[in-house]
Amino acid sequence: MTDPLSLMLAERAHVLADGATGTALLNMGLQDREPAELWNDTQPGKVARLHRDAIEAGSDLFLTNSFGANESRLRLHGLSGRVRELNLKAAQIARAEADRAGRPVIVAGSMGPIGEIMAPMGSLTHARAVEMFHEQAEALKEGGADILWVETLSALEELRAAAEAARLVGMAWCGSLSFDTAGRTIMGVTPGQLSSAVEALRNPPVAYGANCGIGASDLLRTVASFVASGNERPIIAKGNAGVPHLSCGNIHYDGTPELMADYACLARDMGVRVIGGCCGTMPEHLRAMREALETRPPGPRPTLESITALLGAFSSAGSDRDNALTIGRR
Ligand SMILES: [Zn+2]
């Protein structure tokens with residue numbers, strides 16, 4: 001238990017993670033079809049600013065700009081030969097910003113989905129997925145990432161491949177799925193299935209959870225299922241700042257800083273240890289989350305009703321009975 005996140009979690013009740021990468025870089029001028037990871041080479045100053053903004057807003061942990069920097073996804077942009085370089089640069093830019101924060105800040109090496117469907121449903125084999133994650137992980141480690149951060153996955157097979165890659169490079173890792181399809185991932189995984197699956201891994205993650213998906217409200221319903229599973233491993237909640245709306249050709253998220261502050265405190269009161277945001281979560285949201293976590297006293301464990309009262313209605317009826325109907329009874 002010597003990885004920086006385990007050490008930080010041993011010292012404090014919760015860790016504030018960062019917010020959106022994509023939304024923030026689009027705001028800085030990233031073009032729609034341009035791979036964000038290319039900016040590690042062409043616009044390192046803007047990537048550094050993204051990290052600095054998160055640190056200054058109070059994040060204790062932030063993700064590198066390497067979400068889509070695996071061979072398969074980079075190939076779509078004709079960049080498949082640059083996996084090592086773009087991940088290395090992502091980690092180096094992040095490391096430099098963390099090191100000058102003046103307080104402990106963890107660099108989490110982001111690895112998103114490979115972008116292909118895994119066997120047995122698709123043609124991507126476990127071995128090939130491990131190979132691609134491994135290549136990415138190796139460069140993130142070399143560039144100075146403290147831990148690996150596997151996020152927005154939808155299949156447990158892919159999570160297992162990422163876990164294997166983390167083992168091969170000897171790094172602690174965190175894993176998070178996106179439950180964006182009526183309470184399940186697009187591949188049909190329920191929160192309860194994820195809770196069980198992480199414990200069956202040879203090298204379980206330091207923390208596991210949910211990111212992205214629909215809105216902050218749905219994300220906390222997913223968390224309720226994690227809690228109800230009885231798994232005591234630290235939980236991650238990185239919800240979107242509200243729900244996306246298209247306006248003037250741009251995507252805007254309707255979640256206010258106040259809403260995200262409520263979300264952060266609800267997450268804390270549900271027992272979440274790593275609290276952050278995903279799409280639409282900007283520094284002003286993080287700042288409000290940090291302030292609320294520090295100034296509002298812990299409350300009773302929220303019920304599903306108290307979640308919707310503060311954050312809005314759920315977008316669907318939910319995954320199934322593995323939703324935590326018992327959560328309000330304590
Ligand atoms: Zn997101």
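Filter region 1-34 for residues that are in contact with a Gly (Cβ under 9 Å, 6 or more places away or on another chain) and within 14 Å of the ligand (Cβ to nearest atom) and give the result.
ALA17, ASP18, GLY19, ALA20, THR23
Condition check: within 15 Å of the ligand (Cβ to nearest atom), over 23 Å from GLU56 (Cα atoms) and at pLDDT 95 or above. Does LEU219 satisfy that? Step through it out loud before you land on a result.
Values: within 15 Å of the ligand (Cβ to nearest atom): yes; over 23 Å from GLU56 (Cα atoms): yes; at pLDDT 95 or above: yes.
Yes, satisfied.
From (1) touching a helix residue (DSSP H, G or I) at 6+ places or on another chain (Cβ under 7 Å); (2) within 16 Å of the ligand (Cβ to nearest atom); (3) in a loop (DSSP other than H, G, I, E, B), pick out the condition that doesn't hold for ILE186.
That leaves (1) as the condition not met.
If only one of ILE236, ILE214 is part of a loop (DSSP other than H, G, I, E, B), within 16 Å of the ligand (Cβ to nearest atom) and in contact (Cβ under 8 Å) with a residue 60 or more places away in the chain, which one is it?
That would be ILE214, the only listed residue that is part of a loop (DSSP other than H, G, I, E, B), within 16 Å of the ligand (Cβ to nearest atom) and in contact (Cβ under 8 Å) with a residue 60 or more places away in the chain.
If you check LEU26, LEU63, LEU16, LEU7, which single one turns out to be closer than 25 Å to GLY170 by Cα, open to solvent by 60 Å² or more (accessible area, probe 1.4 Å) and either under 20 Å from the mean Cα position of the chain (by Cα) or not hydrophobic (A, V, I, L, M, F, W, C) (or both)? It would help to see each step written out before you state the result.
On the way: LEU26 fails: closer than 25 Å to GLY170 by Cα; LEU63 fails: open to solvent by 60 Å² or more (accessible area, probe 1.4 Å); LEU16 fails: open to solvent by 60 Å² or more (accessible area, probe 1.4 Å).
Exactly one of LEU26, LEU63, LEU16, LEU7 is closer than 25 Å to GLY170 by Cα, open to solvent by 60 Å² or more (accessible area, probe 1.4 Å) and either under 20 Å from the mean Cα position of the chain (by Cα) or not hydrophobic (A, V, I, L, M, F, W, C) (or both), namely LEU7.
Among the residues of region 249-301, how many are open to solvent by less than 90 Å² (accessible area, probe 1.4 Å) and of a type in the set (D, E, K, R)?
Of the residues in that region, 7 qualify.
Has region 113-127 got at least one residue that is within 22 Å of CYS212 (Cβ to Cβ), under 16 Å from the mean Cα position of the chain (by Cα) and not in a strand (DSSP E or B)?
If we filter region 113-127 for residues that are within 22 Å of CYS212 (Cβ to Cβ), which is where we start, we get 113-118, 121-122, 124.
Remaining after also requiring under 16 Å from the mean Cα position of the chain (by Cα): 113-114.
Now restrict to residues that are not in a strand (DSSP E or B): 113-114.
Yes, some residue in region 113-127 is within 22 Å of CYS212 (Cβ to Cβ), under 16 Å from the mean Cα position of the chain (by Cα) and not in a strand (DSSP E or B).
Please count how many residues of region 151-170 are in a loop (DSSP other than H, G, I, E, B) and either within 16 Å of the ligand (Cβ to nearest atom) or open to solvent by less than 20 Å² (accessible area, probe 1.4 Å) (or both). Don't jump to the end; show me each part of the working.
Just the residues of region 151-170 that are in a loop (DSSP other than H, G, I, E, B), to begin with: 154-155, 170.
Add one more test, that the residue is either within 16 Å of the ligand (Cβ to nearest atom) or open to solvent by less than 20 Å² (accessible area, probe 1.4 Å) (or both), and what stays is 154-155.
Summing the residues that are in a loop (DSSP other than H, G, I, E, B) and either within 16 Å of the ligand (Cβ to nearest atom) or open to solvent by less than 20 Å² (accessible area, probe 1.4 Å) (or both) in region 151-170 gives 2.
The values are calculated or read from the model by the stated rules, or taken from the named source; none is laboratory data. Only a predicted model underlies this, so the values are computations on that prediction, with no experimental measurement involved. FYI the Cβ positions are ideal-geometry reconstructions off the backbone, even for glycines, and counts take in every protein chain you see. SASA here: full protein model, heavy atoms, side chains in, ligands and nucleic acids out. Shrake-Rupley method; radii C 1.70, N 1.55, O 1.52, S 1.80 Å.
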